[in-house]
Each structure stands twice: as structure tokens, then as C-alpha cells.
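Single-structure report; data block below.
The values are calculated or read from the model by the stated rules, or taken from the named source; none is laboratory data. Predicted model only: the values in this text are computed from it and were never measured. So basically every Cβ, Gly included, is an ideal-geometry build from the backbone, and we count neighbours across all protein chains shown. Surface accessibility is based on the protein's heavy atoms, side chains included, excluding ligands, DNA and RNA. Shrake-Rupley method; radii C 1.70, N 1.55, O 1.52, S 1.80 Å.
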Amino acid sequence: MKRVRIAKDIMVTKLVTVTPETDVFEAVSNLLKYNLTGAPVIDEKGHYVAVFSERPCLSVMMAAWHAAGADALRAANLPKAGDVMAKNLVTLTPDVDVFDAIALLLQRRISGAPVLDRSRRFLGVFSEHASMTVLLDAAYQQMPTSRVRSFIDADRKRIITEDVGLLDVAQKFLDTQYRRLPVLRGETLVGQISRRDVLRAAQATSGPRSRLEAWREWMTGAASAPASERTQVGAYMDTSAPTVSEDTDLLRIAQIFRKTSARRVPVVQDGHLTGQISRRDLLYAINDLIAHSPKRENPLLYLSSLDHAGPPIH
């Protein structure tokens with residue numbers, strides 16, 4: 001079996017991309033259409049420029065809503081968290097083995113799962129981000145296994161209730177790095193709402209107009225800047241997003257994912273975009289090593305042999 005070591009071994013090369021001049025409403029629509037959380041931004045020569053992701057999409061949405069004014073927002077009849085939250089959730093218990101939990105996230109193609117105790121009381125979230133800590137702890141500390149309870153994100157600030165309005169949910173996503181918010185009734189989990197849920201709900205509340213037509217009308221009606229500047233990806237893209245080269249090793253990539261809120265890193269070689277690696281791509285690669293190993297600790301020892309990654313990033 002091929003032993004993956006560097007970004008080039010696992011990067012995805014078939015990508016949906018946009019340019020700084022791409023219409024921002026078209027970019028938002030395409031992310032939702034293809035079920036993507038982000039797309040690299042490249043110029044006409046294929047040089048990497050930035051990333052356009054769900055977070056900038058939310059900025060576009062909020063800018064449109066602020067431009068709309070109170071009357072238009074009332075007419076839009078925006079829903080509350082309880083109206084759009086997902087209710088059929090995959091959950092974990094704190095005693096589940098972390099590598100079994102990672103395998104479950106990959107199997108169900110989800111980026112995180114709420115953790116509940118035996119009484120179904122919400123304890124926190126186990127996510128792809130936490131999985132990066134699992135991998136790094138395993139590699140550097142020779143941890144053969146552990147339980148989900150050691151890697152729960154128990155931050156109570158992410159919790160919302162069913163009556164929180166969509167605008168407030170969107171603002172919470174912009175003010176924090178959260179990608180999903182658990183919805184509680186008392187201490188009981190009743191649902192979860194993601195950034196994508198908010199964007200899809202916003203599209204659905206545009207009245208008789210199709211898709212993002214209302215957003216465009218509100219934005220182009222504002223007088224604060226030329227319409228071309230307000231409706232291009234370049235006004236919202238993230239130029240500070242981390243990148244890696246094709247020879248970056250897997251542990252260094254895991255460190256980037258743990259240190260930052262990035263869900264994917266563009267692979268850039270000599271200024272050109274050559275691929276992209278997501279948290280999920282990295283987890284698939286490590287999970288495959290574990291699945292094909294007669295002893296679970298063997299791939300973890302293999303990870304620790306990538307010593308050119310340097311010490312963990314804190």
C-alpha cells in the first residue's frame with residue numbers, strides 16, 4: 001500500500017474555482033448548488049489569489065440585508081432557528097473511541113457531531129477540528145487511543161435556542177469561528193443549524209423572486225459604492241487564508257487545521273494553484289492507514305516518523 005507523506009499524495013486537483021471579478025451572487029449560488037463550503041480564487045493566469053468560503057457568503061448576505069432596510073426585512077418574513085434547524089442528527093457518547101468517532105464522521109460525511117450523556121444532555125461537540133488534535137497528540141505523544149470525552153468542545157457560547165432569529169444566527173457565525181450551532185431546549189438538544197442552513201434559508205425567503213435576486217436588488221440599490229465593486233468576489237474573498245506547497249507533510253497540514261479555522265488549504269506551487277486539501281481529505285488518508293493496519297498504533301507511529309514537520313504549532 002502506498003504510504004502517503006505529503007500534500008501531493010492526497011490533494012484534490014479537480015476544483016471549482018472563481019476569480020476576483022466573478023459575480024458574488026453567482027459564486028454564492030454555485031457553492032450552494034455544488035454543496036461546497038468554499039472555492040479558491042484564481043486570476044486569469046491560474047495564479048492563486050485567495051479563498052471564497054461560506055463566511056464571506058454570510059458577509060454578502062448581511063450586507064444585502066443591511067442595504068434592504070427594515071421594511072424589506074419584515075416583508076421577507078425571515079425564519080427563526082427552530083424553523084430551519086436540522087433535527088435528524090448523528091450524535092456521539094463521551095465513551096466512544098476517538099478513532100471510531102472519526103470513522104463515523106467520514107462515513108456520514110459530516111464535519112462534527114454533538115456529544116450527549118446517557119440522559120441525552122448536551123455536553124459539547126466532537127468535530128473535524130478536534131480530530132486534528134487527536135492526530136497530533138497520537139503522533140507526538142504516542143497515544144494509541146482515547147475517548148471522545150477528552151476532545152469535546154464544550155464551549156457554551158455556541159448554544160442557541162429555537163426562537164433566535166435568522167439575522168442573529170448569521171451575525172453569530174460572523175462574530176465567531178463556529179460552523180454549526182446546537183439548538184437546545186433547556187439542556188436537551190433539539191437540533192443544529194449550520195452556516196449553510198442559514199444561506200439556504202436566506203435564499204428561500206426571497207419571496208417570489210428566484211434565488212439571490214432580492215439580494216442583488218438590495219445591494220445594487222445601495223449608494224455607498226459602485227455596484228461593480230459591491231457585487232464581485234474580490235470585495236469579500238479571504239486573502240489571509242493559509243496555503244501549503246505540494247511537499248508539505250501531513251502533520252504540518254494537521255497543525256494548520258488545528259491552529260486555524262480553515263476547513264481546506266489550497267496547494268500552491270510557484271504561485272499557481274495545483275490542488276486543495278480539506279480536513280476530510282486528511283482524515284480519510286489517516287483513517288485509511290489505520291483501517292489497513294493490523295495494529296492501530298502502527299500508522300500513528302508512522303505519523304510520528306514525519307519528524308521534518310517540526311514541533312506542534314500552539
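Report, ordered by the first and then the second residue, all pairs with beta carbons closer than 7 Å, sequence separation of six or more or different chains, a first member in the range 160-173 that is under 16 Å from residue 74 (Cα atoms), and a second member that is open to solvent by 60 Å² or more (accessible area, probe 1.4 Å) and among the small types (Gly, Ala, Ser). Every condition considered, no pair remains. Looking only at residues of the range 199-243 that are at pLDDT below 75, more than 16 Å from residue 61 (Cβ to Cβ) and of a type in the set (A, V, I, L, M, F, W, C), we find that the one that is surrounded by the fewest Cβ atoms within 10 Å (Cβ to Cβ) is 223.
Return a yes/no flag: does the range 20-32 have any residue that is under 30 Å from residue 131 (Cα atoms), open to solvent by 30 Å² or more (accessible area, probe 1.4 Å) and not in a strand (DSSP E or B). Checking the range 20-32: at least one residue is under 30 Å from residue 131 (Cα atoms), open to solvent by 30 Å² or more (accessible area, probe 1.4 Å) and not in a strand (DSSP E or B). Taking residue 75, is it open to solvent by less than 20 Å² (accessible area, probe 1.4 Å), over 24 Å from residue 160 (Cβ atoms) and not in a loop (DSSP other than H, G, I, E, B)? No: the conditions fail for residue 75.
Can you list the strands (runs of 3 or more DSSP E) lying wholly within the range 79-197 that have 2 or more residues being closer than 18 Å to residue 254 by Cβ and open to solvent by less than 30 Å² (accessible area, probe 1.4 Å)?
122-127
Return yes when residue 290 is part of a helix (DSSP H, G or I), among the β-branched types (Val, Ile, Thr) and either under 21 Å from residue 26 (Cα atoms) or at pLDDT 75 or above (or both) and no when it is not.
Considered against the rule, which asks whether it is part of a helix (DSSP H, G or I), among the β-branched types (Val, Ile, Thr) and either under 21 Å from residue 26 (Cα atoms) or at pLDDT 75 or above (or both), residue 290 comes out as no.
Restricting 17, 37, 91 to residues that are within 30 Å of residue 270 (Cβ to Cβ), modelled with pLDDT of 95 or more, under 19 Å from the mean Cα position of the chain (by Cα) and not small (Gly, Ala, Ser) narrows the list to 17. Whenever a residue of the range 50-65 is under 14 Å from residue 261 (Cα atoms), its partners that are of a type outside the set (A, V, I, L, M) and in a helix (DSSP H, G or I), lying with C-beta atoms within less than 6 angstrom and at least six residues away or across chains, give the pairs 54/195.
Each residue in the range 33-50 was checked for being closer than 20 Å to residue 194 by Cα and open to solvent by 10 Å² or more (accessible area, probe 1.4 Å), and 5 pass.
The set of residues from the range 258-286 being modelled with pLDDT of 95 or more and hydrophobic (A, V, I, L, M, F, W, C) comprises 265, 267, 268, 273, 277.
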